[in-house]
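> Can you keep this structure in mind? I'll have questions shortly.
Nothing in this text is a laboratory measurement; each read-out follows from the coordinates by a stated rule. The shown structure was predicted, so the numbers you read here are calculated from the model rather than taken from an experiment. Positions of Cβ are backbone-derived with ideal geometry, glycine not excepted, and every protein chain shown enters the neighbour counts.
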Amino acid sequence: MSEADARLQDMELPTALYESTDDGYLATALTIGPWDAGLQHAGPPAALLLREAERAGAIEGGQTVRMAYDIFAPVPVGPVRITASVVRPGRRIELVETVLTAGDERPLMRLSAWRMRARSDGAAPEPPAPHPAASGPEESRRELAAFFTTEVAYHRALDWRFPTGSFNSPGPASAWTTPRCTLVAGEPMTPLQHLLVMTDAASGISAVLDWTTATFANVDLLVSLHRPPRGDWLGMDAVTTLGGTGAAQCTAVLFDAEGPIGRSAQSLFVEPR
């Protein structure tokens, strides 16, 4: 056990990423990102925006199949508010938009979520495809990101297991995760919320640049699913490609223990620190 993990055993970690308030939510220390201790990792607010989109949707038992996030500015660690609206209502298909604000009400993140009625289409399902990870979570290596500036931060919100690659060395990587906390205090984290908490870290696990000399923050996140995630363990197989012009792209195959469930993509802004 590392010295940092030994110290952590004596700490009292938050049990949730957010606590409900009278007019929104209060972010806990588990939302802290790697770039600045006062700013959130984009994964937790992405999940919070998804939670509000599903609550605002009118399709009972619907499934969210595409989530397109725009990240306008970093989200501070503190109180946040979310507004929701149904842009395109429908009994079978709907488009829901949620917007996150803090302080001066300037939009910081926006989600456009396409949701569909869940039903059997009558076609025989294909045999489950194997997940793309080299091994399952039990056989994979547990690892903690070494580049966070505070010990209690986003990297403690999930249990990370790496079949291939690493948080702490460059190149493509695959990782399994399971939650160590809830999204909102007092309610369980759904598999889809868990997926969103995790997926924004695809560009972190597959980083090709040194965190200490370069920034490569994403300005968006696109998640497209052909079926909902299931189970306690979810994974991603990620790769980042530099464009040589100050831009990069990260793509990932998303999966659970039963096989692939969809894909994600992120556009990265790259510059020296």
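> Hey, got the Cα dimensions of region 153-227 along the principal axes, in Å, largest first?
40, 26, 23
> Compute the distance from the alpha-carbon center of region 40-94 to that of region 235-264, in whole Å.
Taking the Cα centre of each part, region 40-94 and region 235-264 sit 21 Å apart.
> Right, something else. Region 20-155: Rg/Rh from Cα coordinates, Kirkwood Rh? Provide the component values of the computation, followed by the final result.
Working: Rg = 18.2 Å, Rh = 17.3 Å.
Checking Rg against Rh, the ratio lands at 1.06.
> H131's amide H: which non-local residues (gap 5+, or another chain) put their own amide H closer than 5 Å, with H modeled 1.01 Å from N in plane and none for Pro or chain starts?
Those lying under 5 Å, H to H, from H131 are G259.
> By DSSP, what percent of the beta bridges with both residues in the chain are antiparallel, rounded to the nearest 5? Working shown, then result.
Values: 76 of 78 bridges.
Taking every DSSP beta bridge within the chain, about 95 percent pair in antiparallel fashion.
> Further question on the same structure: Compare the peptides 169-176, 191-198 by average per-residue count of other Cβ atoms within 10 angstrom and give them in order, highest first. All intermediate terms of the calculation are to be shown ahead of the outcome.
On the way: 169-176: 19.9, 191-198: 25.2.
Averaged packing, sorted descending, gives the order 191-198, 169-176.
> Let me ask you something else. Could you work out the relative contact order of the chain, using alpha carbon pairs under 8 angstrom and six or more residues apart, expressed as a whole percent?
On the way: 670 pairs, mean separation 52.3, N = 273.
This gives 19 percent for the chain.
> Could you compute Rg(Cα) / (2.2 N^0.38 Å) for region 93-175, with N its residue count? Spell out each step's value before the answer.
Working: Rg = 19.5 Å, N = 83, 2.2 N^0.38 = 11.8 Å.
Against the compact-globule rule of thumb, the ratio is 1.65.
> Right, another one. Direction-averaged shadow area of the convex hull around the Cα atoms of the chain, nm²?
Working: hull surface 60.7 nm².
Result: a mean projected hull area of 15.2 nm².
> Still on this model: What does the charge add up to near G61, with Lys and Arg as +1, Asp and Glu as -1, over the other residues with Cβ less than 11 Å from its Cβ? Display every interim value, and only then the final one.
Values: positive: R115, R117, R119; negative: E54, E60.
So the environment of G61 carries a net charge of +1.
> Follow-up. Highest mean first, what order results for 135-143, 97-105 on Cβ atoms within 10 Å? It would help to have the intermediate numbers written out before the result.
Working: 135-143: 14.3, 97-105: 16.9.
Packing order, densest peptide first, comes out as 97-105, 135-143.
> If you don't mind, there's one more thing I want to ask. Rounded to the nearest 500 deg cm²/dmol, what is the calculated helix-only ellipticity per residue at 222 nm for the chain, with -39500 (n - 2.57) per DSSP H run of length n ≥ 4? Write out the running numbers ahead of the final one.
On the way: 4 runs with 34 residues, N = 273.
Counting only the DSSP helices, I get -3500 deg cm²/dmol.
> Among 226-232, 41-47, what's the highest-first ranking by average C-beta atoms within 10 angstrom per residue? It would help to have the intermediate numbers written out before the result.
On the way: 226-232: 14.6, 41-47: 27.0.
Per-residue mean Cβ counts within 10 Å order the peptides as 41-47, 226-232.
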